[in-house]
Structures are given as structure tokens and as C-alpha cells.
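Following: one structure in C-alpha cells, then a few remarks.
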Amino acid sequence: MKKILSMIAILLAVAGFLYSAVHIFGTGIKYFEYSGLKSNVKKLTEEKTKKTTELAALTKKNADVKAEYEKLRAEKKIKTVYLTFDDGPSEHTDQILEILKKNNIKATFFVIGIGKNYKDYKKIIDHGHVLGLHTYSHEYKEVYANEASFFKDLYKIRDAVKSTTGLDVKITRFPGGSSNAKASKALKTAIINRMTKEGYVYFDWNCDSTDASGNNVPVAKLVKYGICTTHPDINVLMHDTNAKKTTVQALQQIIDGYRKAGYTFETLDVNSPRIQHVKQPEM
Ligand SMILES: [Zn+2]
């Protein structure tokens with residue numbers, strides 16, 4: 001009996017010892033895991049603080065550079081060119097987009113709607129360019145029949161662009177420009193006043209590549225007239241239509257000409273310099 005009791009006592013002692021050992025070992029592991037995690041958290045927190053500081057510095061630098069750029073632009077020390085392509089999209093749009101991409105520059109496309117694949121509007125946007133409204137039909141008889149007719153046509157292209165891009169475009173170009181002789185002065189004034197009231201800004205051009213003067217205008221002529229360096233803000237008129245093959249062929253030389261003359265390339269927005277043949281009242 002005594003032997004059995006002492007055996008039980010020994011067994012209990014061994015079990016107790018084993019239990020304590022396992023417990024201590026487990027706690028030890030947990031401790032190491034904990035301190036490991038703690039140092040990871042500390043490291044990540046330090047990294048986060050460092051990155052936040054770096055980001056703040058970069059954001060400030062970016063804002064400074066932007067402010068300096070805008071200041072220089074306001075002082076006309078930076079020369080800006082706005083390349084514009086009217087009447088597209090066309091079978092040449094892809095080539096134009098390719099050339100612009102190769103040069104890492106952006107342009108503005110004043111698009112129409114009749115006979116067009118609406119998906120092409122999205123393609124132009126996806127390449128980082130800007131769309132302007134050039135009326136849906138571009139038919140002088142229709143758009144300049146009366147004020148209601150003009151806006152019906154304008155809203156039609158606005159809706160077509162919106163349906164594929166989601167954008168509510170506010171920049172426009174009159175078919176034939178704001179100085180066109182197809183609409184009466186009274187009609188143009190009425191259109192301009194309503195456009196202004198509805199937040200639209202229209203843009204003409206101060207540099208005509210002359211590609212509208214006929215089809216296949218020689219490249220040399222397009223290059224000669226398409227590069228204007230007389231003003232710090234230049235808006236170049238070009239066309240993106242199936243018939244204007246030579247515009248595509250002249251584009252690289254036109255880009256090179258502006259680069260050489262120290263111009264930077266920008267896209268139009270409602271705040272861009274108002275290069276307008278007939279002035280728009282202040283909004
Ligand atoms: Zn046009």
C-alpha cells in the first residue's frame with residue numbers, strides 16, 4: 001500500500017513537472033511571438049511616418065512646380081500650343097492618336113456625331129485627350145436655321161459624347177468658326193448669349209493649317225501654315241476626316257516645329273485662353 005502511494009506521489013510530481021514545463025515553454029514561445037510582432041509594428045509605423053513625410057514633401061513640391069508653371073504662363077513666359085482636330089472621329093483618328101502618343105502630347109478633338117462610331121469618343125478620352133462639341137450634323141443649313149435648331153444639334157452631340165464617356169463637355173467650336181458667314185449676326189449673338197448662360201465656352205483658332213482649303217493639301221503647305229509662332233498662345237486648326245490624309249502626314253513636322261520654338265502642348269478647357277473670332281461675354 002505504501003509503495004502504491006509513493007508511486008502515485010511520484011507520478012503526480014512528474015505530471016506536475018511536465019505540466020509546468022509545457023506551460024513555461026508555451027508562454028516563452030508566446031513571448032517571443034509577441035515581441036516579434038511588436039518590433040514589426042514598430043518598424044511598419046516608422047516606415048509609415050517616413051512615407052507620409054516624403055509624400056507631404058512631394059505634394060508640396062508638386063504644388064510649387066504647378067504654381068510656378070501657372071505664374072510663368074500668366075506672365076506669358078511659357079508659350080502654349082493647343083492642337084485641335086475638327087470633324088472627327090475618322091479612319092485617321094488611330095494614326096493621329098499614335099503620333100500624339102509617340103510625342104507624349106495631348107490634343108483637343110472637336111467631334112461631330114453624324115455617321116460616327118460613338119465608341120471612338122471613348123477611345124480619344126482613354127488616350128488622355130480632350131473632346132469638344134462641334135455640333136452633331138455640322139450641316140450649316142440645319143445648325144444655323146435658327147437658335148432652337150442650333151441647340152437641338154448641339155445637345156445631340158453632347159448626349160452622344162456623354163453616353164459613351166460619361167462626360168458633360170462644356171467646350172465647343174462653331175461649324176465654320178464663330179465668324180462664319182453662314183449664320184446672321186443676330187443669330188450668332190443669340191447663340192453666343194445662350195451658350196454663355198449655359199456655361200459653354202467656344203474656341204476658334206489663331207493658326208489655320210489650311211487643311212480645310214481642299215483635300216490633300218501638300219504637306220509642305222500644311223507645315224508652313226500650321227506652325228505659327230507669333231503669339232504665346234496658339235490654337236491650331238486641323239481636321240480629322242477621311243479625306244485629310246496629308247494632315248496626318250504633316251503632323252509630326254508641325255509638332256517638331258512647335259517643340260523647336262519652345263512651345264508646350266496643352267488641351268483646352270473652359271479656363272483656356274479665349275481665342276475667339278467673335279468675343280464671348282464674360283460668364
Ligand atoms: Zn468643322
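Structure notes:
- THR267 being of a type in the set (S, T, N, Q) and in contact with an Asp or Glu (Cβ under 7 Å, 6 or more places away or on another chain): no
- The set of residues in the range 71-83 that are part of a loop (DSSP other than H, G, I, E, B) and within 16 Å of the ligand (Cβ to nearest atom) is empty.
Rundown of residues vs (1) within 22 Å of the chain's Cα centre (by Cα); (2) touching a residue at least 60 places away in the same chain (Cβ under 8 Å), yes/no style:
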site: GLU147; (1), (2): no, no
site: LEU167; (1), (2): yes, no
site: SER178; (1), (2): no, yes
site: LEU187; (1), (2): no, no
site: VAL201; (1), (2): yes, yes
site: ASP208; (1), (2): no, no
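- Number of residues in the range 94-115 that are within 16 Å of the ligand (Cβ to nearest atom), farther than 16 Å from VAL169 by Cα and out of contact with any strand residue (DSSP E or B) (no Cβ under 8 Å at 6 or more places or on another chain): the value is 2.
- Flag for ASP86 being within 23 Å of ASP208 (Cα to Cα) and in a helix (DSSP H, G or I): no
- Residue within the range 180-199 that is surrounded by 20 or more Cβ atoms within 10 Å (Cβ to Cβ), away from the ligand (no atom under 16 Å from the Cβ) and under 27 Å from ASN117 (Cα atoms) present: yes
- Sole residue being in contact (Cβ under 8 Å) with a residue 60 or more places away in the chain and of a type in the set (Asp, Glu), chosen from ASP94, ASP64, ASP86: ASP86
- Hits in the range 220-243 - residues which are free of Cβ contacts under 8 Å to residues at least 60 places away in the same chain and closer than 15 Å to ARG274 by Cα: HIS231
- Residue within the range 119-130 that is within 16 Å of the ligand (Cβ to nearest atom), touching a residue at least 60 places away in the same chain (Cβ under 8 Å), under 30 Å from GLY262 (Cα atoms) and in a strand (DSSP E or B) present: no
- Filtered residues of the range 224-247 (kept if part of a helix (DSSP H, G or I) and either buried (at least 19 other Cβ atoms within 10 Å of the Cβ) or acidic (Asp, Glu) (or both)): TYR225, GLY226, THR246, THR247
- Which listed residue is among the hydrophobic types (A, V, I, L, M, F, W, C), surrounded by fewer than 16 Cβ atoms within 10 Å (Cβ to Cβ), part of a helix (DSSP H, G or I) and assigned by TED's automatic domain parsing to the domain that holds GLY177, from ALA250, ALA220: ALA220
- Unique match (being more than 22 Å from PRO273 (Cα to Cα), part of a loop (DSSP other than H, G, I, E, B) and touching a Gly at 6+ places or on another chain (Cβ under 7 Å)) among LYS156, LYS182: LYS182
- Only one of the listed residues (LYS141, LYS182) is among the basic types (Lys, Arg) and touching a helix residue (DSSP H, G or I) at 6+ places or on another chain (Cβ under 8 Å). That residue is LYS182.
The values are calculated or read from the model by the stated rules, or taken from the named source; none is laboratory data. What you see is a predicted model; the values in this text were computed from it and never measured. Cβ atoms come from the backbone with ideal geometry, glycine included; neighbour counts cover every protein chain shown.
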